[in-house]
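Before any comments, here is the structure.
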Amino acid sequence: MTKVRNVIIAGSGPAGLTAAVYAARANLAPLMFEGLNAGGQLMLTTDVENFPGFPEGILGPDLMKQFREQAVRFGTEIVTADVDRVDLSERPFRVWVGDDEHRAHAIILTTGATARMLGLPAERELLGHGVSTCATCDGFFFRDRPIAIVGGGDSAIEEAIFLTKFATSVTVIHRRDELRASKILQERAFANPKIDFRWNAVVEDIEGEGSVQLVKLRDTQTGDVSSLDVAGLFVAIGHDPATQLVAGQLDLDEGGYVITAPDSTATSVPGVFAAGDVQDHVFRQAVTAAGSGCMAAIEAERWLQEHAPGA
Amino acid sequence: MAANIVTVTDATFDEVVGSSDTPVLVDFWAEWCGPCKMIAPTLEELAVEKSDKLTIAKLNVDENPETARRFNVMSIPTLLVFESGKTTEESRRIIGAKGKSALLEDLAGVIA
């Protein structure tokens, strides 16, 4: 069995990697399981214009590469694997990757959030055949074709604008009559001649054999169903916290987010800290995730000094 | 890129994939695709560990749109597996980023 680590970090978005930088600089020799979706949601974006320190903007994957390099520079050990199971019932905590068992005095959970899907059978069948959750990956394949995107938040509108580089038209399908996206994005979208909107509409079904041909929309006010001919449907209806790993072991709120103490990243289990989107249903920004990752590392360090001295 | 990985293009696809003694896994990728970058290290590991059972080839869809169109690739990363000597139809289609264990499951039977 391997030796007990000071701290294991699960997840490698801005929260996890910032926690790693701070923990490594505090000589805690952190072990990080960066997961299959290493880098987190920013890996699926293009230009990040609101991360301080990058006046010209920076590509999401490039930003995460720099985060990672900084964490590694100070001695973070990074393993490219998902954590499969944890046991937080006794200390040292236990973490499994496949059959490999790891132990740590403290855990920092930064598993983030995963894209929400519509939940239609056709969506699953046509995923990768016209249905996509990654505009930056798949927009390219819809050059000169009409497409639609579902959602009304920042991600949906950012992606809609991005997709106009390729598509002949981008229809934003939104279940309300106004967008949740920031004003600057709304203004850009309204000014873009390739973008139009279907308000108060939800996707009822997606049709096509081997590729998307049309989506059926239901008007939430009238109940009327109509068809929209599109070659692609992008889904950007938000995210759910990735807390399956700790369900039943940490207190979660009704949305599935890890509950943390006020002004703290402490969870319901002493020694387990949570940072970033896994515990934040309010801000969900790269910079707030990074901030809470810093908090988690500092709190873990203090906790270790008290509860695992000499570790 | 690892030495065990070959690059294929629209021009060389048929020749390289068709003349392989082992099944060929073609990774359809692009520079601007985050998840493609996520799976790249796993593919490099497989290329080394399974070099006797599988050839791993990379095809940049940006530079080689014809082949992507030919196989109806509409999302990346997409991994297509071609049995030895076959170039007309893939035997496996794996869409989206996956971890190594999930990828090995998907490749069961191709690389025992």
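Listed values, structure above:
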{"read-out": "Residue, surrounded by the most Cβ atoms within 10 Å (Cβ to Cβ), within the range A:2-16, restricted to residues that are over 14 Å from the mean Cα position of the chain (by Cα) and assigned to a loop (DSSP other than H, G, I, E, B)", "value": "A:Val4"}
{"read-out": "Boolean, A:Gln70 is closer than 17 Å to A:Ala15 by Cβ, surrounded by 16 or more Cβ atoms within 10 Å (Cβ to Cβ) and away from chain B (no Cβ under 14 Å)", "value": "yes"}
{"read-out": "Residue count for the range A:221-256, restricted to those that are in contact with a helix residue (DSSP H, G or I) (Cβ under 9 Å, 6 or more places away or on another chain), open to solvent by 20 Å² or more (accessible area, probe 1.4 Å) and assigned to a loop (DSSP other than H, G, I, E, B)", "value": "2"}
{"read-out": "Selection within the range A:249-272 - over 16 Å from A:Ala19 (Cα atoms), under 21 Å from the mean Cα position of the chain (by Cα) and of a type in the set (A, V, I, L, M)", "value": "A:Leu250, A:Leu252, A:Val258, A:Ile259"}
{"read-out": "Spans of helices (runs of 4 or more DSSP H) in the range B:10-112 with at least 2 residues more than 14 Å from the chain's Cα centre (by Cα), within 14 Å of chain A (Cβ to nearest Cβ) and without any contact (Cβ under 8 Å) to a residue 12 or more places away in the chain", "value": "B:65-70, B:100-106"}
{"read-out": "Qualifying residues in the range A:262-298 (those that are more than 21 Å from A:Ser155 (Cβ to Cβ) and of a type in the set (S, T, N, Q)) - the one least open to solvent (accessible area, probe 1.4 Å)", "value": "A:Thr265"}
{"read-out": "Lone unmet requirement of (1) touching a Gly at 6+ places or on another chain (Cβ under 8 Å); (2) surrounded by fewer than 18 Cβ atoms within 10 Å (Cβ to Cβ); (3) more than 14 Å from chain B (Cβ to nearest Cβ) for A:Ala19", "value": "(2)"}
{"read-out": "Which listed residue is buried (at least 22 other Cβ atoms within 10 Å of the Cβ), away from every other protein chain (no Cβ under 13 Å), in contact (Cβ under 8 Å) with a residue 12 or more places away in the chain and not hydroxyl-bearing (Ser, Thr, Tyr), from A:Ala122, A:Ala135, A:Ala156", "value": "A:Ala156"}
{"read-out": "Test for A:Glu301: is it open to solvent by 20 Å² or more (accessible area, probe 1.4 Å), in a loop (DSSP other than H, G, I, E, B) and under 22 Å from A:Val86 (Cα atoms)", "value": "no"}
{"read-out": "Enumeration of residues in the range A:275-298 that are free of Cβ contacts under 8 Å to residues at least 40 places away in the same chain, more than 22 Å from A:Ala26 (Cβ to Cβ) and either of a type outside the set (Asp, Glu) or assigned to a helix (DSSP H, G or I) (or both)", "value": "A:Val282, A:Phe283"}
{"read-out": "Members of the range A:29-40 found to be touching a strand residue (DSSP E or B) at 6+ places or on another chain (Cβ under 7 Å) and either surrounded by fewer than 23 Cβ atoms within 10 Å (Cβ to Cβ) or under 13 Å from A:Thr110 (Cα atoms) (or both), listed by number", "value": "A:Ala29, A:Leu31, A:Met32, A:Phe33, A:Glu34"}
{"read-out": "Residue check for A:Gln213: more than 30 Å from B:Arg69 (Cα to Cα) and of a type outside the set (A, V, I, L, M, F, W, C)", "value": "no"}
{"read-out": "Subset of the range A:51-65 that is closer than 13 Å to A:Ser12 by Cβ and without any contact (Cβ under 8 Å) to a residue 40 or more places away in the chain - its residue that is surrounded by the most Cβ atoms within 10 Å (Cβ to Cβ)", "value": "A:Pro61"}
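The values are calculated or read from the model by the stated rules, or taken from the named source; none is laboratory data. If you're wondering where the values come from, they're calculated on a predicted model, not measured in any experiment. Every residue, glycine as well, gets a Cβ built from its backbone with ideal geometry; the counts of neighbours run over all protein chains shown. What goes into the accessible areas is simple: the full protein's heavy atoms, side chains included, and nothing from ligands, DNA or RNA. Shrake-Rupley method; radii C 1.70, N 1.55, O 1.52, S 1.80 Å.
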